[in-house]
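Note sheet for the following structure.
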Amino acid sequence: MLLLVSTVFAAAQTEEEKLISTMKEFHQALVQKNTASINQQTEKSLSYGHSNGWVQNKNDIIKDFETGLISYQTYREDSVQVSMSGNFANIRFVADIDATLRGNAISNHLKVLEVWVKKGRRWLLFARQAVK
């Protein structure tokens with residue numbers, strides 16, 4: 001019965017709701033250091049820009065988690081705005097992020113833009129840029 005209710009709810013979700021859910025799942029995968037999920041939720045040509053000018057590609061993100069260069073403790077989104085056009089969407093939001101970079105704790109309040117592309121039935125992160 002629960003499976004049926006979940007299936008009906010999933011079918012009733014709008015495309016925007018699915019995208020927001022995917023975005024939040026991705027951010028939690030960052031916190032959980034779930035590189036398998038990060039790999040599945042990102043486009044192979046990903047450009048992941050940080051507020052300090054550092055840009056990672058998909059392989060960098062996964063490698064940097066595995067080596068411990070960076071880790072996220074919290075990732076909270078607020079004021080989420082979505083704009084969709086065909087198989088592309090951009091999401092703007094305010095993020096409060098606690099992380100450790102090279103052993104140093106950092107907390108940031110950022111404005112973030114993410115660009116997502118839909119391939120088949122899945123949304124994949126294509127690009128991200130954050131500013132302070």
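The values are calculated or read from the model by the stated rules, or taken from the named source; none is laboratory data. Keep in mind the model is a prediction, meaning the values are calculated, not measured. Cβ placement follows ideal geometry from the backbone for every residue including glycine, while neighbour counts extend to all protein chains displayed. Areas reflect the complete protein model, heavy atoms only, side chains present, ligands, DNA and RNA absent. Shrake-Rupley method; radii C 1.70, N 1.55, O 1.52, S 1.80 Å.
For segment 25-39, what are the residues that are in contact (Cβ under 8 Å) with a residue 24 or more places away in the chain and part of a helix (DSSP H, G or I)? Listed by number, the residues that qualify are Phe26, His27, Gln28, Leu30, Val31, Thr35, Ile38. Among the residues of segment 22-45, those that are closer than 19 Å to Ile97 by Cα and under 10 Å from the mean Cα position of the chain (by Cα) comprise Thr22, Met23, Lys24, Glu25, Phe26, His27, Gln28, Ala29, Leu30, Ile38.
Screening Gly68 against (1) surrounded by fewer than 17 Cβ atoms within 10 Å (Cβ to Cβ); (2) without any contact (Cβ under 8 Å) to a residue 12 or more places away in the chain; (3) closer than 23 Å to Val131 by Cα leaves a single unmet condition, (3). Whenever a residue of segment 49-65 is in contact (Cβ under 8 Å) with a residue 12 or more places away in the chain, its partners that are of a type in the set (Val, Ile, Thr) and open to solvent by 30 Å² or more (accessible area, probe 1.4 Å), lying with C-beta atoms within less than 6 angstrom and at least six residues away or across chains, give the pairs Gly49/Val55; Ser51/Val131; Ile62/Thr35; Phe65/Thr35. Among the residues of segment 46-62, are any more than 13 Å from the chain's Cα centre (by Cα), open to solvent by 70 Å² or more (accessible area, probe 1.4 Å) and closer than 21 Å to Lys111 by Cβ? Yes: segment 46-62 contains one or more residues that are more than 13 Å from the chain's Cα centre (by Cα), open to solvent by 70 Å² or more (accessible area, probe 1.4 Å) and closer than 21 Å to Lys111 by Cβ.
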